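Novice: The following block contains the structure, expressed as structure tokens.
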Amino acid sequence: MTAIVAALVLAAVATAWLCQEDECRRYASPDGRYVVIATSPRYESLMPALPGQSGDRSGFLTIEDTAGTFYGKIPVPMVWMAGDVEWTEHGAELAVFGEWDFSTREYRYWNNAQTREIVRHAR
């Protein structure tokens, strides 16, 4: 019985560790006030990839300011897309995938099937 409990605890710990996100890339806005942070779950880094393809893994893009204020987090199919974020007058956008409005702290992105827009407010 204790062996089963120990195995379940070990499995739970391993799963929690594998699902945590690791930072892959970080890009600052031209004025240096904001940063886009690309992260991906740890299990993505365990998937086989050819040299130079580490940016092809799926993950998330988060935008924060220099004080650490959170402006939103959107899923992306490839973390290298962090370099394609365009900084706008009121926020930032990633063509086809999402946008952030810093003044309202609202961010939008499309679901995986690109059939529904999801709108959220940063907390």
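Read the figures in this text as sums done on the coordinates, not as results from a lab. Everything quoted here is computed from the prediction, not taken from an experiment. Counting neighbours? That spans all protein chains shown, and the Cβs are built from the backbone with ideal geometry, glycine included.
Novice: Test of understanding: what is the full-extension gain from residue 110 to residue 22, defined as 0.36 nm times their sequence separation minus their Cα-Cα distance? Please list the in-between numbers first.
Specialist: Working: separation 88, 0.36 × 88 = 31.68 nm, distance 2.29 nm.
Length difference between fully extended and current span is 29.4 nm.
Novice: Between residue 67 and residue 3, how many nm apart are label points set 7 Å from Cα along the C-beta direction?
Specialist: About 5.7 nm separates the two model spin labels.
Novice: Modelling each spin label as a point 7 Å along the Cα-to-Cβ direction, I'd like the residue 78/residue 103 distance in nm, to one decimal.
Specialist: Calculated label separation equals 3.4 nm.
Novice: Another question, then. Which FRET efficiency value, to the nearest 0.05, is calculated for residue 58 and residue 12 with the Förster distance at 41 angstrom and r the Cβ-Cβ distance?
Specialist: Approximately 0.95, to the nearest 0.05.
Novice: Using the Cα centre of region 21-121 as the reference point, and only Cβ charges (+1 on K/R, -1 on D/E), how large is the resulting charge dipole? Debye, rounded to the nearest 20.
Specialist: On the way: 10 positive and 16 negative charges, 60 e Å.
In debye, rounded to 20, region 21-121 gives about 280.
Novice: Follow-up. Normalised by the number of residues in the chain, what is the relative contact order in percent for Cα pairs under 8 Å and 6+ residues apart?
Specialist: Once divided by the residue count of the chain, the mean separation gives 17 percent.
Novice: For the Cα atoms of the chain, what angle does the longest principal axis make with the long axis of helix 2-19, in degrees from 0 to 90, nearest 10?
Specialist: 20 degrees
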